[in-house]
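Report on the structure given below.
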Amino acid sequence: MSTRPASIEKLVSRFQQTADPKRRYEQLLFLAKKLEPLPDEYKTPESKVQGCVSQVFVVADLVEGKMQYQADSDAQITKGLVAFLVRGLNGLTPQEIVDLSPDFIKDTQLDVSLTPSRANGFYNIFKKMQTLAAGFLAASAQA
C-alpha cells in the first residue's frame, strides 16, 4: 500500500482518536466553520459535484505544481467533509492526488457516523477533486 500524504494522515489520525460519533460531527462542524467561503462566480454547473444530496462546489488551481482547491456546500456536515478534503489535499501534486486511494475515508470512521448518502457524497467530492487533479496532469503532459 502506498503511504498517504502527511496532510491526510494527520486528519485521519485526528478523527481516529475520537470514538464518539457525536464528537466526529463536532470536528466536521469545526472544519466547516474554518472553510473560506467560495465566491458565487465559482458556483457553476461545471464546479458542482454530481451525486451529492447537498449543493457542493469544487474548483481547483495549479500553483507552482501544487493543487489548490476551493469549495463550499450549503449543508454544514457536508461543508465539514469538503473542508476536510480541501485541508488534506491542498498543497499536494496532481499526481499524489490521482494516486491517493479513497480508503483513508474509511480509516477516519466517518463513513460509520454518516448517513449512506453523506458517505457517498464524501466519495463523490473526493472523486471530483481527483478528476480536477487529473485534468491538470493531462494538460501538463500535452504542454
Check your understanding: Any chance region 75-86 includes a residue that's charged (D, E, K, R), in contact with a Leu (Cβ under 7 Å, 6 or more places away or on another chain) and closer than 19 Å to residue 7 by Cα?
Key -> yes
Review point. For region 1-30, which residues satisfy the criterion of being among the polar types (S, T, N, Q) and over 17 Å from the mean Cα position of the chain (by Cα)?
Key: 2, 3, 16, 17, 18
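How about region 11-22: which of its residues are more than 11 Å from residue 110 (Cα to Cα) and either in contact with a Leu (Cβ under 6 Å, 6 or more places away or on another chain) or without any contact (Cβ under 8 Å) to a residue 60 or more places away in the chain (or both)?
13, 14, 17
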Practice item. Report the residue count in region 32-70 for those that are within 22 Å of residue 11 (Cα to Cα), in a strand (DSSP E or B) and among the hydrophobic types (A, V, I, L, M, F, W, C). Key: 6
Review point. Residue 89 is checked against (1) more than 15 Å from residue 32 (Cα to Cα); (2) surrounded by 19 or more Cβ atoms within 10 Å (Cβ to Cβ); (3) more than 10 Å from the chain's Cα centre (by Cα) and fails just one. What number does that condition carry?
Key: (3)
Review point. Any idea which of (1) assigned to a strand (DSSP E or B); (2) within 27 Å of residue 112 (Cβ to Cβ); (3) of a type outside the set (A, V, I, L, M, F, W, C) is the one residue 14 doesn't satisfy?
Key: (1)
Point to revise | Of residues in region 99-108 being part of a helix (DSSP H, G or I) and surrounded by 15 or more Cβ atoms within 10 Å (Cβ to Cβ), the one farthest from the chain's Cα centre (by Cα) | key: 107
Check your understanding: Hey, does region 31-44 have a residue that's of a type outside the set (A, V, I, L, M, F, W, C) and surrounded by 14 or more Cβ atoms within 10 Å (Cβ to Cβ)?
Key -> yes
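Quick grid of which residues meet (1) of a type in the set (D, E, K, R); (2) closer than 24 Å to residue 16 by Cβ:
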site	(1), (2)
59	no, no
65	no, no
69	no, yes
72	yes, no
78	no, yes
82	no, yes
88	no, yes
93	no, no
98	no, no
Exercise for review: Would you point out the residue of region 109-138, among those that are within 13 Å of the chain's Cα centre (by Cα) and hydroxyl-bearing (Ser, Thr, Tyr), that is modelled with the lowest pLDDT?
Suggested key: 123
Exercise for review: Answer yes or no as to whether residue 27 is without any contact (Cβ under 8 Å) to a residue 40 or more places away in the chain and not in a loop (DSSP other than H, G, I, E, B).
Suggested key: no
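The values are calculated or read from the model by the stated rules, or taken from the named source; none is laboratory data. Here the structure is a predicted model, which means the values were calculated and not measured. FYI the Cβ positions are ideal-geometry reconstructions off the backbone, even for glycines, and counts take in every protein chain you see.
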